[in-house]
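What follows draws every value from the coordinates through simple rules; no lab data is involved. Treat the numbers as computed from the prediction; the structure is a model and nothing was measured. All Cβ positions, even for glycine, are placed from backbone atoms using ideal geometry, and neighbour counts span all protein chains on display.
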Amino acid sequence: MAQVLCHLPKNYDENLIVGLDTSDDAAVYKINGNLALIQTLDFFTPVVDDPYVFGQIAAANSLSDVYAMGGEPKLAMNIVCFPNCLDPSVLVEILKGGYDKVKEAGAILVGGHTVEDDEPKYGLSVAGFVHPDNVLTNSNAKPGDVLVITKPLGLGIINTAIKGGIADKTSYDEAVKVMSTLNKFGKEALEKVKVNSVTDITGFGLLGHALEMAENSEVSIKIYHKRIPLISNTLEYAQMGLVPQGAYNNRKYIGDNVKFNNQISEEMEDVLFDPQTSGGLLISIPKEEVDQLIKALTNNPTSYSIIGEVIEKEEQYLIVE
C-alpha cells in the first residue's frame, strides 16, 4: 500500500508545517505567528462488544494524533459506518461513548457523517490548535536521547483474544482502560520538559513507529525489550498464537530494518510488531530531561517506562536488545 501511495501528488504551501513527507500523525497548518491548525482523521471496526466502550476507544484513538503533535483538540466530527440490520440503539451508545470522550478532552463534537455499511465503523475527524513553535514531530530525535513510552503494549494480541472469547477479565479490563485513556496526560507531562520528538503508537506497532522516527531523524534507535510494560497475559496469548494479521504484516514490511541482539522469544518479537489500538506516546527526550518527565508522568493513568535510547545512525535503524 505504501509503495502505491508514494506516487500520489504532494501539496506544497509555505504555511504547511507538517504534511505527507514524514508520515507524521497529523497535518499542521500555520494560521499566523501564534496559531497553527492540526487536522487528523481515524476510524475502525469494533474491538469490543460493548458499543459505548467501543465509542470511547475509537474517539480516544482519533484524538491521540492531536496530542502527539503537541496540540489541544478543539473540534470533532463523527465518522460512522453502520448496517441497517443492527438496532439503532447500538449506534446511539457508540455515539454516546464518543461524545463523552471528546468532552473529557475539552473539545466540542459538532456533527459528522453516516453511511450504510455491512460492518460498523466509527471514529472522528479532529481539529486542534498548537503554537507554531511548539509543534512536535517524529523527525527530530537526537543521538543521546532517551526513549519513553506512556502506555503498555499488547493491545492487538489482547484484542485478538477478546474476539476469540479467550481473554480473561484482568486482561480485558486492562486493555479497555489503556485504549480508552486519552493521551492528554502524556501530552500534559511533555509541557513540563524539553522534548525532541514524539509519535503515538498505533497500527504499525512499536517497531513500525520507531522506524518512522529513526528514518525521519536519520538516527538509529535501540530498544531494551525487558523494559517494555505489557498488558497482563500478553506473552501467554502470543505464545498460544493469538497474534493479529497486522503484526505479521508489520514484520514483513519493516523486519529487514530491525536487528535483534541476544535471545528474544518469538512471542516477544510478536509484541514488538503488534499493531496497537489507541496506544501510547513514544517520546524521544534529552537525557537530562528524563527525570523531570518521569516525575510529570506520575499522574498518567497507565503504566509508562524508559525503554531505549537514540544513537548515531548504524547499518540498521532499529536494534532490539
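Only Lys, Arg, Asp and Glu carry charge here, each on its Cβ (+1 for the first two, -1 for the last two); on that basis the chain has a dipole of about 560 debye about its Cα centre. Can you list which of the trypsin sites (Lys or Arg not before Pro) found in the stretch 135-214 are DSSP loop residues with at most 13 other C-beta atoms within 10 Å? In loop regions of the stretch 135-214 (DSSP not H, G, I, E or B), the sparsely surrounded trypsin sites (Lys or Arg not before Pro) are K192, K194.
A dipole drawn for the stretch 146-320 from +1 and -1 charges on Cβ atoms has a positive end, and of L182, T150, A161 the residue lying farthest that way is L182.
The N262 and D49 beta-carbon pair, evaluated with R₀ = 41 Å, returns a calculated FRET efficiency of approximately 0.55. Placing +1 on each Lys and Arg Cβ and -1 on each Asp and Glu Cβ, with no other charges, gives the stretch 49-204 a dipole about its Cα centre of roughly 580 debye.
Does the stretch 157-218 classify as rounded, prolate or oblate by the C-alpha gyration tensor (a ≥ b ≥ c root eigenvalues; a/c under 1.5 gives rounded; else a/b over b/c gives prolate, otherwise oblate)? Oblate, because a/c is 1.5 or more while a/b does not exceed b/c.
Note on the chain: antiparallel DSSP beta bridges, both residues inside, total approximately 75 percent of the bridges counted. Using a cutoff of 8 angstrom between alpha carbon atoms and counting only pairs six or more residues apart, the relative contact order for the stretch 2-134 works out to 33 percent.
For the stretch 264-321 versus the stretch 166-233, the spacing of their alpha-carbon centroids is 6 Å. Look at L109, L155 and count the other Cβ atoms within 10 Å of each Cβ; fewest to most, that gives L109, L155. For the stretch 2-134, a crude dipole built from +1 on the beta carbon of Lys and Arg and -1 on the beta carbon of Asp and Glu, taken about the Cα centre, is about 360 debye to the nearest 20. Taking 0.36 nm per residue of separation and subtracting the current Cα-Cα distance, fully stretching the chain between E321 and D133 would add 64.2 nm. A simple packing score, the average count of other Cβ atoms within 10 Å per residue, orders the peptides 216-225, 261-270, 53-62 as 53-62, 216-225, 261-270, with the highest score first. Dipole orientation for the stretch 2-134: of the candidates Y52, F129, M69, F129 has the Cα lying most toward the positive pole (charges on Cβ; Lys, Arg +1; Asp, Glu -1).
Restricting the GluC sites (Glu not before Pro) of the stretch 171-207 to loop positions (DSSP other than H, G, I, E, B) with no more than 12 neighbouring Cβ atoms within 10 Å leaves E191. Ranking V92, A26, A36 by how far each Cα lies toward the positive end of the dipole of the stretch 1-103 (charges on Cβ) leaves A36 at the top.
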